[in-house]
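S.K.: Just passing along the structure, written as structure tokens.
The values are calculated or read from the model by the stated rules, or taken from the named source; none is laboratory data. Please read these numbers as outputs of a predicted model, since none were measured by experiment. A quick note on method: Cβ atoms are made from the backbone with ideal geometry, for glycine too, and the neighbour counts reach across all protein chains shown. Only protein heavy atoms, including side chains, enter the accessible area calculation; ligands, DNA and RNA are left aside. Shrake-Rupley method; radii C 1.70, N 1.55, O 1.52, S 1.80 Å.
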Amino acid sequence: MQPQFEPQQSVARSRDALGSLIDDLAKAIAGMSTGDRAELRRGTPDDPGSPAFWKLAVTHLAPRGFVDLQDASLATLGRWVVILGALAELEGLHNPRARLGRALAEAGYSELRLTRLLRAEGNQLLDAVRQAVHFLASKGAEVDVAEVARLVLSNSVRVRRAIASHYYAAQES
């Protein structure tokens, strides 16, 4: 059983289990070789077979109960491929205080793209997240990758509402 992930309301929120994991994964990825980081960036949800992925799955995801390596579905592993790829692509840009919606707005992400991202499900969501991450990386925008992970791992309306509310609040300021 996977832990449930719901966003906390305060920017100064304490780091939950997922936030703590993402912080540790960001540090681990920063210490990997350029080849391993490139493998993570190129990973596809339908093929979680890269050695770089499995190194992190065995050393970080499984010990904390985020993935059961004996019983993980391809869909679950594929979601983690996208999350680890996001961390690799956003290397040096993970900031637990930089809300995803605000980061997208400040980087100039269009409202149409945001709507597609927030309405997407399944493989379309994974593709939309990868595109949004690439956009943020190309702009050098800092973002809390734990929010990206919450979006990928849950089907929560609360997660999507939080992203939308931070996006539109940033546009108003």
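S.K.: Measuring with a 1.4 Å probe in the full set of protein chains, what accessible area per residue, in whole Å², belongs to the stretch 83-173?
M.R.: Values: 4230 Å² over 91 residues.
That works out to 46 Å² per residue.
S.K.: Scan [x] 1.00; [y] 0.96; [z] 1.34 for the value of Cα Rg over 2.2 N^0.38 Å calculated from this model and give just the label.
M.R.: Of the listed options [x] 1.00; [y] 0.96; [z] 1.34, [y] comes from this structure.
S.K.: Shifting gears a bit: With θ set to phi - 60° and the Karplus curve 6.51 cos²θ - 1.76 cosθ + 1.60, what are the ³J(HN,Hα) couplings of the stretch 128-133 in order, to the nearest whole Hz, using x for Gly and Pro?
M.R.: Values per residue, Gly and Pro as x: 5, 5, 4, 5, 5, 5 Hz.
S.K.: Charges only on Cβ, +1 for Lys and Arg, -1 for Asp and Glu: so what's the dipole of the chain about the Cα centre, in debye to the nearest 20?
M.R.: Values: 21 positive and 20 negative charges, 71 e Å.
Dipole size: approximately 340 debye.
S.K.: Tell me the angle of helix 17-30 to the major Cα principal axis of the chain, expressed in degrees between 0 and 90 and rounded to the nearest ten.
M.R.: Its long axis makes an angle of about 70 degrees.
S.K.: Now for a different question. Would you mind calculating the gained length between E111 and R97 on full extension (0.36 nm times residue separation, minus the Cα-Cα distance), in nm to one decimal? Don't jump to the answer; show the numbers that get you there.
M.R.: Details: separation 14, 0.36 × 14 = 5.04 nm, distance 2.23 nm.
Full-extension gain reported as 2.8 nm.
S.K.: What value, in deg cm²/dmol to 500, does the helix sum -39500 (n - 2.57) over DSSP H runs of n ≥ 4 give at 222 nm once divided by the residues of the chain? Intermediate results must be reported in sequence, preceding the final value.
M.R.: Values: 9 runs with 105 residues, N = 173.
My calculation for the chain gives -18500 deg cm²/dmol from helical runs alone.
S.K.: How far, in nm, would the chain grow between E121 and A17 when pulled straight, counting 0.36 nm per residue and subtracting the alpha carbon separation? Each step should come with its number before you reach the end.
M.R.: Values: separation 104, 0.36 × 104 = 37.44 nm, distance 2.39 nm.
Gain in length upon complete extension: 35.0 nm.
S.K.: Over the stretch 35-83, what percent of the accessible surface lies on carbon and sulfur atoms, probe 1.4 Å?
M.R.: 52
S.K.: Read phi for every residue in the stretch 67-82 and hand back ³J(HN,Hα) as whole Hz from Karplus 6.51 cos²θ - 1.76 cosθ + 1.60, θ = phi - 60°, with x for Gly and Pro.
M.R.: 9, 9, 5, 7, 9, 6, 7, 4, 5, 5, 4, x, 4, 5, 4, 5
S.K.: Also, I was wondering about something else. List, in order, the whole-Hz ³J(HN,Hα) value for each residue of the stretch 52-58 obtained from phi through the Karplus relation with A = 6.51, B = -1.76, C = 1.60 and θ = phi - 60°; use x for Gly and Pro.
M.R.: So the Karplus estimates, Gly and Pro as x, are 4, 4, 5, 4, 6, 5, 6 Hz.
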